[in-house]
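K.L.:
Before I ask anything, let me first share the structure, which is written out below as structure tokens.
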Amino acid sequence: MANLPQVPTFNIPEVKLSSSSGGRNMPVIGMGTMADPFDEAVLKEAVLEAIKAGYRHFDTAALYKSEKPLGEAMAEAIEAGLIKSRDELFVTSKLWCTDAHHDLVLPALKNSLRMLQLEYLDLYLIHWPLSAKPGKIGFPVPKDEQLPLDSTQCGQPWKIARVNQVEISPLWQQQKLRGFCKSKGVVLTAYSPLGAKGTRWGTDEVMDNETLKEIAKAHNKTVAQVCLRWAFEQGLTFVVKSFNKERMRENLQIFDWELTSDDYKQINKIKQHRLMPKPEMVSPNGPFKSPEELWDGEI
Ligand SMILES: NC(=O)c1ccc[n+]([C@@H]2O[C@H](COP(=O)([O-])OP(=O)(O)OC[C@H]3O[C@@H](n4cnc5c(N)ncnc54)[C@H](OP(=O)(O)O)[C@@H]3O)[C@@H](O)[C@H]2O)c1
């Protein structure tokens, strides 16, 4: 076939997620699809570029509104011969709080599948361990609309969950949670591993960190690559968003070099603090509860 993209010369490592149906391999790096500003055409084009670059793992959610353009891009990638079938991809979507009710979960899942033009998801996450009054999907969730999740089902999520997706970066390493998840056989996925630089919800603190800049310079790499390499060496999986053709490729160039023990001495000294949500992202009606807070609370 003419004009086929260059096949990447590396294999992206995978982790095995166990399940009653035998398990599924999840590529350690996934492409995030939460974008601000959001533009369907830009997202679709970015996903096609990502598949050409070698990405096989995509992270979406009903909240992000990215399911439809992601679905269109995946269908187009198959049509164009970039991949042979949907089975070559690992697709995660998420249940939003307003659908976290026993009679709304299945309809929400079916709607996500319809938007994605898929027959199955590889992973379906509870977006946040929080329920909300049924209604329009949106953020933030006003305090007076927040409801607790059914604790008989979710009191100890590690008993059923195979993956926990939380904020992790060198500035918020989550050592305690990581130890806990490891002991329970739960795979951790780091979101916003670059601190979501340049977004409404993110911060420049990770990419502007002086320690990370020095390490990057010493290896002739970028700060983004140092963050992602660090996550990889920590045994994490991670979802990183770049819709830029060069940067999405840059983010894949992390599998053929290593951080040194001196790098670790420096990284381990970085002052730790949660970066998200920013104070201005907190619900105007009360304190915001993020997944980590709730999991941490239960540990
Ligand atoms: N479960 C949850 O509650 C939750 C919360 C947040 C995020 N997520 C998921 O995690 C994904 C990733 O997190 P995120 O999007 O918040 O943040 P992120 O991946 O840490 O950062 C994304 C930002 O970094 C920029 N960027 C990417 N690669 C770069 C590079 N090599 N050099 C310089 N800048 C670079 C991107 O801009 P360009 O596109 O212009 O490159 C974008 O502005 C999301 O898209 C979403 O799928 C989940």
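The values are calculated or read from the model by the stated rules, or taken from the named source; none is laboratory data. All figures in this text were calculated on a predicted structure; none of them were measured in a lab. Neighbour counts run over all protein chains shown; Cβ positions are idealised from the backbone, glycine included.
K.L.:
Could you list all residues from the stretch 1-44 that are of a type in the set (Asp, Glu) and at pLDDT 95 or above? Outline the logic, then answer.
P.N.:
The initial filter retains those residues of the stretch 1-44 that are of a type in the set (Asp, Glu), namely 14, 36, 39-40.
Hits for the stretch 1-44 are GLU14, ASP39, GLU40.
K.L.:
For PHE180, only one of the following conditions fails: (1) assigned to a loop (DSSP other than H, G, I, E, B); (2) crowded, with 18+ Cβ neighbours inside 10 Å; (3) among the aromatic types (Phe, Trp, Tyr). What is its number?
P.N.:
Failed condition: (1).
K.L.:
Among the residues of the stretch 166-225, which ones are more than 19 Å from the chain's Cα centre (by Cα), more than 11 Å from the ligand (Cβ to nearest atom) and basic (Lys, Arg)?
P.N.:
Within the stretch 166-225, LYS176, LYS184, LYS213, LYS217 qualify.
K.L.:
Let me ask you something else. I'm trying to understand the selection: among the residues of the stretch 228-245, which are farther than 13 Å from PRO27 by Cβ and within 8 Å of the ligand (Cβ to nearest atom)?
P.N.:
Hits for the stretch 228-245 are LYS241, SER242, PHE243, ASN244.
K.L.:
State which residue pairs qualify: first residue within 12 Å of VAL240 (Cβ to Cβ) and inside the stretch 31-47, second residue within 8 Å of the ligand (Cβ to nearest atom) and among the basic types (Lys, Arg) in any location, beta carbons under 7 Å apart, and separation of 6 or more residues or different chains.
P.N.:
MET31/LYS241; GLY32/LYS241; THR33/LYS241; MET34/LYS241
K.L.:
Cβ-Cβ distance below 8 Å, separation of 6 or more or different chains: which pairs start in the stretch 1-27 with a residue that is small (Gly, Ala, Ser) and end on one that is assigned to a loop (DSSP other than H, G, I, E, B) and at pLDDT 85 or above?
P.N.:
SER18/ARG162; SER18/GLY185; SER19/ARG162
K.L.:
While we're looking at this one, here's another question. For the stretch 78-96, check the following and say yes or no: at least one residue is assigned to a loop (DSSP other than H, G, I, E, B) and within 12 Å of the ligand (Cβ to nearest atom).
P.N.:
Restricting attention to the stretch 78-96, the residues satisfying the condition of being assigned to a loop (DSSP other than H, G, I, E, B) are 80-85, 89, 96.
From the residues that got through so far, the ones that are within 12 Å of the ligand (Cβ to nearest atom) too are 96.
Among the residues of the stretch 78-96, at least one is assigned to a loop (DSSP other than H, G, I, E, B) and within 12 Å of the ligand (Cβ to nearest atom), which makes the answer yes.
K.L.:
Of all residues in the stretch 130-172, which are of a type in the set (D, E, K, R) and not in a loop (DSSP other than H, G, I, E, B)? So that I can check it myself, show each step before the final result.
P.N.:
Taking the stretch 130-172 and keeping what is of a type in the set (D, E, K, R), we get 133, 136, 143-145, 150, 159, 162, 167.
Of everything in the stretch 130-172, those that are of a type in the set (D, E, K, R) and not in a loop (DSSP other than H, G, I, E, B) turn out to be LYS143, ASP144, GLU145, LYS159, GLU167.
K.L.:
Report yes if some residue within the stretch 36-53 is part of a strand (DSSP E or B) and within 15 Å of the ligand (Cβ to nearest atom); otherwise report no. Working first, answer last.
P.N.:
Let us first name the residues in the stretch 36-53 that are part of a strand (DSSP E or B), namely none.
The answer is no, given that none of the residues of the stretch 36-53 is part of a strand (DSSP E or B) and within 15 Å of the ligand (Cβ to nearest atom).
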